[in-house]
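Notes to accompany the following structure.
The values are calculated or read from the model by the stated rules, or taken from the named source; none is laboratory data. Keep in mind that this is a model prediction, so the values were computed, not measured. Every residue, glycine as well, gets a Cβ built from its backbone with ideal geometry; the counts of neighbours run over all protein chains shown.
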Amino acid sequence: QVQLVESGGGLVQPGGSLRLSCAASGSIFRIYGMGWYRQAPGQQRELVARITTSGTTNYANPVKGRFTISRDNAKNTLYLQMNGLKPEDTAVYYCNGDVQVQGGSYRAAYWGQGTQVTVSS
């Protein structure tokens, strides 16, 4: 019914930048909060940043001042601009959205398949 597809991951040197995108498609009536999460090998999935429909944001402490989350509601697309990347940012990054589907009366959480970000020299 709903698909979230991430793109933009890759290999980057320390100090570099990447921009992740997450495109939502399917039988979408409305998307509420959206967010980026990441999971490093052997670690639990953790919050990176979230954004409300109106644009209110919150960030995990390790990424504050370096990452910027944004969204284009008209395109049902979420972004994450990552600057000043560090080796410890290496992880699979997942997109998440709270979605109300067409004809539905409740929200459900949907996840993308993830995109690998590797920060290494």
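Overview of values
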| quantity | calculated |
| --- | --- |
| Residue within segment 16-32 that is of a type in the set (S, T, N, Q), farther than 18 Å from Thr118 by Cα and touching a Gly at 6+ places or on another chain (Cβ under 9 Å) present | yes |
| Considering residues of segment 1-18 that are in contact with a Lys or Arg (Cβ under 9 Å, 6 or more places away or on another chain) and surrounded by 13 or more Cβ atoms within 10 Å (Cβ to Cβ) only, the residue farthest from Thr57 (Cα to Cα) | Pro14 |
| In segment 49-108, residue surrounded by the most Cβ atoms within 10 Å (Cβ to Cβ) [restricted to those that are assigned to a strand (DSSP E or B) and among the hydroxyl-bearing types (Ser, Thr, Tyr)] | Tyr93 |
| Any chance Val2 is more than 13 Å from the chain's Cα centre (by Cα), at pLDDT 95 or above, of a type in the set (Val, Ile, Thr) and under 15 Å from Val117 (Cα atoms) | no |
| Among residues of segment 14-33, those that are of a type in the set (Ser, Thr, Tyr) and more than 17 Å from the chain's Cα centre (by Cα), counted | 1 |
| Candidates Ser25, Ser21 - the one that is surrounded by 14 or more Cβ atoms within 10 Å (Cβ to Cβ), of a type in the set (S, T, N, Q) and within 13 Å of Thr77 (Cα to Cα) | Ser21 |
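Table: residues versus (1) touching a Phe, Trp or Tyr at 6+ places or on another chain (Cβ under 6 Å); (2) over 17 Å from Val5 (Cα atoms); (3) touching a residue at least 40 places away in the same chain (Cβ under 8 Å).
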| site | (1), (2), (3) |
| --- | --- |
| Ser25 | no, no, yes |
| Met34 | no, no, yes |
| Arg38 | yes, no, yes |
| Glu46 | no, yes, no |
| Asn58 | no, yes, no |
| Gly65 | no, yes, no |
| Asn76 | no, no, yes |
| Val119 | no, yes, yes |
